[in-house]
Amino acid sequence: MARSLEVLERARRVLVGGVNSPVRALVKPYPLVVERARGSRVWSVDGEELIDFIMGYGPLLLGHAHPEVAAAVAEQLEKGWLYAAVTEAEVELAERLVSLYKPGGMARLVNSGTEATMTAIRLARGYTGRDYIVKFDGAYHGAHDAVLVSAGSAAGHLGVPSSPGIPAECASKTLVAEFNNEESVERVFEEHGGDIAAVIVEPVMANIGVIPPRKGFLDFVARTARRHGALVIFDEVVTGFRLHLRGAQEVYGVEADLVTMGKVIGGGFPVGAVVGRREVMRHLAPEGKVFNAGTFNGHPVTVAAGLATVRVAERINAPGIVAERARELEEAVHEALRGVGVEYTVNRAGGVLQFYLGVGRVETAADARRADKAAYARLHEALRRRGILVTPSQLEALFPSTAHTGEDVEAFRRALREAAREALG
Ligand code: PLP
């Protein structure tokens, strides 16, 4: 603890809030200062050993420091690490993405999920010549102006900035509908249909806890958008290679026009990608006029790590393994929380899950926001003291990896039983 507190004191002097991304500041009793990680574990600078169910918020599908990923990165480092030129490896990664992800076509590699959704939205606007986009309340698509928008008045759907610094005019071009509510989708398109370039949707909402789509909802969204001449963007930054090797589109039987990806396809290195219909993608520079560029686009180290991760994921069917682990974790949550008699609900889609305290059903962002945050924070802290690291916010998700063993799940079960009694009993 002494060493952590020393580093954190220095951090607070030079990093805003002592961190470089806000959610890290929420970890109780003080932010985690990590020294190293391997497999399912992280070790703090104080030697604290934790079973990590955050896994970088999703990218580490194979766990920390997977040997095949490490070897691919080491091999690339020997050959230099930045060329600003074409590499065969980036072509192979793009080939894999377009062959696995409907509607196929072409890809552009960028450096984060944020850049991927920013690029896809600009492309949709450039392609259609329309300015409005539709997103869903509670969905997260990264940290740029078009999507950092919350629901305004329920009647109007016009978005309002969810951060200072975003011009109201910019946010007003983003219309906000309610996830799992077909009527709200219908209404947005009826009011603004001819001006809407695209709808962007997380097929499983995974940034407000976890909210899977109701049966038929995604198909309804896609059909409604297309009826009005708008493109369908599936944001598979979380669901890509986690729900299925072919993503959520395969699981829910819906096809997008553009798919945004990130996380797993960089194997833990910064990455994003847009995959989509050839005819639309061709509007990106240099073939078309919609601008996107990046010094680090298709970064050789990221591509090496991403390709290795994707190859291993295919070979061992990683989505199947993490779905089974997530199912076991779900069971453990039921057992522990039923035991203390609190109201709760667990939502899971394949290998991603979250539980909410104090609410009996969560199908919309509004339901999720009613959950008991203070109780969750107490539970998170009680779990950390028992060697289990879960996300510090109930409105994030748990990400098991293929490195988590049955014993890790048992440790989670035992710790949660005790922690629930202590924090919620
Ligand atoms: N889209 C979704 C669905 C995400 O979950 C995230 C990040 O959590 C992003 C986009 C943004 O990705 P990044 O953090 O790589 O910019």
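The values are calculated or read from the model by the stated rules, or taken from the named source; none is laboratory data. Since we're looking at a predicted model, the values are computed, not measured. Glycine gets a Cβ as well: all are built from the backbone with ideal geometry, and neighbour counts include every protein chain shown. Please note that ligands, DNA and RNA were not included when accessible areas were found on the heavy atoms of the full protein model with its side chains. Shrake-Rupley method; radii C 1.70, N 1.55, O 1.52, S 1.80 Å.
Hey, what's segment 85-126 come to in accessible area per residue, 1.4 Å probe, Å²?
Heavy-atom accessible area per residue stands at 39 Å².
Taking only C-alpha pairs under 8 Å that are 6+ residues apart, what is the relative contact order of the chain in percent?
Reported relative contact order: 21 percent.
DSSP H helices in the chain with Cα extent of 30 Å or more along the helix axis and mean Kyte-Doolittle hydropathy at least -1.0?
Helix filter hits for the chain: 318-340.
Over segment 297-425, average the accessible area per residue using a 1.4 Å probe and give it in Å², no decimals.
36 Å²
Cα to Cα, under 22 Å, and not fewer than 8 places away if on the same chain: which lysines meet these conditions relative to LYS373?
Excluding near neighbours in sequence, the set is LYS28.
Which FRET efficiency value, to the nearest 0.05, do you get for ALA374 and GLU314 by plugging their Cβ-Cβ distance into 1/(1 + (r/R0)^6) with R0 = 45 Å?
The formula returns an efficiency of 0.60 here.
Suppose R0 equals 30 Å; then what is the FRET efficiency for GLU183 and HIS334 from their Cβ-Cβ distance, rounded to the nearest 0.05?
With a Förster radius of 30 Å, E is 0.40.
Which entries in LYS173/LYS263; LYS102/LYS289; LYS135/LYS215 show an alpha-carbon gap greater than 21 Å?
The answer is LYS173/LYS263; LYS102/LYS289.
Using a 1.4 Å probe and counting only protein heavy atoms, arrange LYS79, LYS102 so the residue with the most accessible area comes first.
Descending order: LYS79, LYS102.
Pull out a ≥ b ≥ c, the square roots of the eigenvalues of the alpha-carbon gyration tensor of the chain, then state rounded if a/c is under 1.5, prolate if not and a/b is larger than b/c, and oblate in the remaining case.
oblate
Could you work out [θ]222 nm for the chain from helices alone, using -39500 (n - 2.57) per DSSP H run of at least four and dividing by all its residues? Round to the nearest 500 deg cm²/dmol.
Calculated mean residue ellipticity at 222 nm is -12000 deg cm²/dmol.
Given a 1.4 angstrom probe, I'd like the percentage of the accessible area of segment 26-148 that is carbon and sulfur, rounded to a whole number.
The C+S portion of the solvent-accessible surface of segment 26-148 is 54 percent.
Can you sort TRP81, TRP43 by solvent-accessible area, 1.4 Å probe, largest first?
Descending order: TRP81, TRP43.
Which percent, nearest 5, of DSSP beta bridges in the chain are antiparallel?
Approximately 60 percent, going by the DSSP bridge assignments.
When only C-alpha pairs under 8 Å and at least 6 residues apart count, what is the relative contact order of segment 67-316, in percent?
29 percent
Ignoring the sites themselves, what is the longest stretch of the chain with no GluC sites (Glu not before Pro) in a DSSP loop and at most 14 other beta-carbon atoms within 10 Å?
Within the chain, the longest run free of exposed GluC sites (Glu not before Pro) spans 1-286.
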